1. If I ask for residues that are of a type in the set (A, V, I, L, M, F, W, C), touching a Lys or Arg at 6+ places or on another chain (Cβ under 7 Å) and closer than 20 Å to B:LEU431 by Cα, which ones from the range A:124-160 would you list?
2. Condition test on B:PHE454, is it more than 8 Å from every other protein chain (Cβ to nearest Cβ), surrounded by 18 or more Cβ atoms within 10 Å (Cβ to Cβ) and touching an Asp or Glu at 6+ places or on another chain (Cβ under 8 Å)?
3. Could you tell me how many of the residues in the range B:186-221 are farther than 18 Å from B:ALA134 by Cα and in a strand (DSSP E or B)?
4. When the range B:420-453 is examined, which residues are found to be within 23 Å of B:SER386 (Cβ to Cβ), touching a residue at least 12 places away in the same chain (Cβ under 8 Å) and out of contact with any Ser or Thr (no Cβ under 6 Å at 6 or more places or on another chain)?
5. Quick one: is A:ALA143 surrounded by fewer than 18 Cβ atoms within 10 Å (Cβ to Cβ) and closer than 30 Å to A:ASP187 by Cα?
6. Collect the residues in the range A:192-239 that are under 21 Å from A:ILE164 (Cβ atoms), in a strand (DSSP E or B) and either among the hydroxyl-bearing types (Ser, Thr, Tyr) or without any contact (Cβ under 8 Å) to a residue 60 or more places away in the chain (or both), keeping them in residue-number order.
7. Testing B:GLN398 on (1) farther than 25 Å from B:TYR270 by Cα; (2) over 16 Å from the mean Cα position of the chain (by Cα), one condition comes back false. Which one is that?
8. Considering A:SER86, A:SER46, which residue is polar (S, T, N, Q) and within 17 Å of A:ALA205 (Cβ to Cβ)?
Amino acid sequence: MIVDNAPTVLSVKNLTANVNDTPILKGLKLEIKAGEIHAIMGRNGSGKSTFSKILAGHPAYEVTGGEVVFEGQNLLELEAEERARSGVFLAFQYPVEIPGVSNLDFLRASYNARRKHQGLEEVDPFDFEDVVRDRLQVVQMDASFLDRSVNQGFSGGEKKRNEILQMALLEPTLAVLDETDSGLDIDALRIVAEGVNQLANEKNAMLVITHYQRLLDYIIPDYVHVMYDGKIVMTGDKELALELEAKGYDWVDELQPVGV
Amino acid sequence: MSASVSTLVNQPYKYGFVTDIESDTLPRGLSEETIYAISAKKNEPEFMLEFRLRAYRQWLKMTEPTWPDVNYPAINYQDIIYYSAPKQTQKKQSLDEVDPTLLETFEKLGIPLSEQKRLANVAVDAIFDSVSVATTFREKLAEHGVIFCSISEALKEHPELVKKYLGSVVPIADNYFAALNSAVFSDGSFVYIPKGVECPMELSTYFRINNGDSGQFERTLIVAEEGSSVSYLEGCTAPMYDSNQLHAAVVELVALDNASIKYSTVQNWYAGDANGKGGIYNFVTKRGLCKGKNSKISWTQVETGSAITWKYPSCVLVGDNSIGEFYSVALTNNCQQADTGTKMVHIGKNTRSTIVSKGISAGKSKNSYRGLVKVGPNADGARNYSQCDSMLIGSNAQANTYPYIQVQNELARVEHEATTSKIGEDQLFYLAQRGISAEDAVSMMISGFCKDVFNQLPMEFAVEADKLLSLKLEGSVG
């Protein structure tokens, strides 16, 4: 929802970045205020996922210019774990399997890392079980998932639900959902989207990165941006997503000035 | 900057100090004279000298094994000092007589020996270079009939027991390093648990190599009589030297009817520096004989040190219904090489064995599991379950698995499972994105990976082992 006079959560100016010395982001600008849901669409290779990883602080991506300010602080100065503790959350396109580490222990370590950063007391294993059971309902997950190793042997849908469970626990200020719809059947997509909608409020912001518009049937964005060759080249509301779906990405290509 | 997964293992080795103490040392080199000299210094019974000489003559005819998956320059056996003992008056009727420098050394290693500070429920035999310097709780154990002393003392006080069992599990010509050990071993621990006695405390031997040029050749013999049980732990450290030291030990366990022996090792010899200079060559033969029916021998090892580890703690299951177990965590980092595993030899009926091996390789290290499961023709109903998991940290480490299975009985059941996983940048980034630091992430993953083995260790040592692994891996991922 667009709220009048809402504080700015994320401000990105002229961001440029390389992966293996190849420029991928070429002057990206974006401003997100509390309460808003933004979607970034674009074809494969346009730089969407790179942007999400840069926000999260992936060490393999090199920022070469521009600035990223999150709640008034220079995000680029922070290590990945500090960004996470400060409230930047990335729901991964491909959640990683971690054999031997129980989901419950992992969730608690993560939850406590965030709480510690916020100056709150860490939660012991017994109290944490109550906390986590409460949040399981957000994504309709069974408690048996807690005893399994993190994401190991989970189906695509289960992994994505586990991501949203983590989001529900960590209550980030900025949640970036990277292709969360990929590999999901329609039921799983609905569960995930409903989870996200339950978590959206006027204090936090969401950035939904997607290739297809179908996720946006469930998570209604306030703004839709189209990314092309490392920049945002169009911004509109949810109608833009529909137009893009109807006309295809070639339509964006044709609108670009020659030589870009 | 792309952070490579390569630096989580470079924690300084905190046991690398040298104790400055006067030693009684034999000249370098090995000959029959050396053996006479060792035996004379120890004032041994005649049979022991003969045992040594037989072993030496066998050793001369043998060649060093080349099948392990490890590389090292040829060892010059004439350049090693085979006997080095701290100079002190006749050994320790009481701890007051032990050189305080030695007590301080062990204290510094976390093994307090003095009455006030010793661990409450663990009896310790402390071995410094070639000799045992102190054994705690001897009297208390004696009240239960348990003999716990150095093998040199056992040779004097209980020669008949040593004579009966020494070499009965690992024959003198078993392998090259066992033959060498049989010829020159200088000390070690001896444990005898009489019939029906459950040993009232943990027994433990702590090995310390101090001299930079001496080899350590210790010999451990544990005998558990009918219906008895014992839990035994060994620990070891060494100073940091640029040269390599040879450690060729032999451990023999004998379990009679209904007896059980649990043998745990936390091995933390100096591993050499990041470029592979220095460190211990740990070439060890450990074998347990389940001689009696319903007997049980369980090996648990946490191997974190040594430049090279060559070690296969094994169980020979002769008694019907006997049980052999092997739980192992082997961690290698930098240039370390480990070729380790076990042998389970099923001879009696309904014998069972379990193998759980966890190999962790970081840096440029090489970590191989080598295991043999052998079921003889009479071992009806024998069962084995093996699980061999490898974990790689970074992309320059190697893990190999060499399982050998030989079954000569149709009624036997043998299962083998193996997995390989990797601590990669993806996992570390995922956990970092959830607020978890690289150090915590690695320690979480390692603890999870090793859980099945750590659960087998005596409680206080399980915590130690967990910490040790985290320490060893600190800085290996960045």
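The values are calculated or read from the model by the stated rules, or taken from the named source; none is laboratory data. These numbers come from a predicted model, not from an experiment. Neighbour counts run over all protein chains shown; Cβ positions are idealised from the backbone, glycine included.
1. Going through the range A:124-160, the residues of a type in the set (A, V, I, L, M, F, W, C) turn out to be A:126, A:128, A:131-132, A:136, A:138-139, A:141, A:143, A:145-146, A:150, A:154.
Filter once more, keeping what is touching a Lys or Arg at 6+ places or on another chain (Cβ under 7 Å): A:128, A:139, A:141, A:143.
Within the range A:124-160, A:PHE128 is the sole residue that qualifies.
2. Details: more than 8 Å from every other protein chain (Cβ to nearest Cβ): yes; surrounded by 18 or more Cβ atoms within 10 Å (Cβ to Cβ): yes; touching an Asp or Glu at 6+ places or on another chain (Cβ under 8 Å): yes.
Yes.
3. Initial filter on the range B:186-221 (farther than 18 Å from B:ALA134 by Cα): B:193-200, B:211-215.
Imposing the further condition that a residue be in a strand (DSSP E or B) reduces the set to B:193, B:198, B:214.
Of the residues in the range B:186-221, 3 are farther than 18 Å from B:ALA134 by Cα and in a strand (DSSP E or B).
4. Here is the first cut: in the range B:420-453, the ones within 23 Å of B:SER386 (Cβ to Cβ) are B:420-422, B:445-453.
Subset that is touching a residue at least 12 places away in the same chain (Cβ under 8 Å): B:420-422, B:445-447, B:449-450, B:452-453.
Once the filter is applied, which keeps residues that are within 23 Å of B:SER386 (Cβ to Cβ), touching a residue at least 12 places away in the same chain (Cβ under 8 Å) and out of contact with any Ser or Thr (no Cβ under 6 Å at 6 or more places or on another chain), the range B:420-453 yields B:SER421, B:LYS422, B:MET445, B:ILE446, B:SER447, B:PHE449, B:CYS450, B:ASP452, B:VAL453.
5. Details: surrounded by fewer than 18 Cβ atoms within 10 Å (Cβ to Cβ): yes; closer than 30 Å to A:ASP187 by Cα: yes.
In short, yes.
6. Answer for the range A:192-239, where residues must be under 21 Å from A:ILE164 (Cβ atoms), in a strand (DSSP E or B) and either among the hydroxyl-bearing types (Ser, Thr, Tyr) or without any contact (Cβ under 8 Å) to a residue 60 or more places away in the chain (or both): just A:THR210.
7. Condition (1) is where B:GLN398 drops out.
8. Values: A:SER46 fails: within 17 Å of A:ALA205 (Cβ to Cβ).
Step by step, each of A:SER86, A:SER46 is checked, and only A:SER86 is polar (S, T, N, Q) and within 17 Å of A:ALA205 (Cβ to Cβ).
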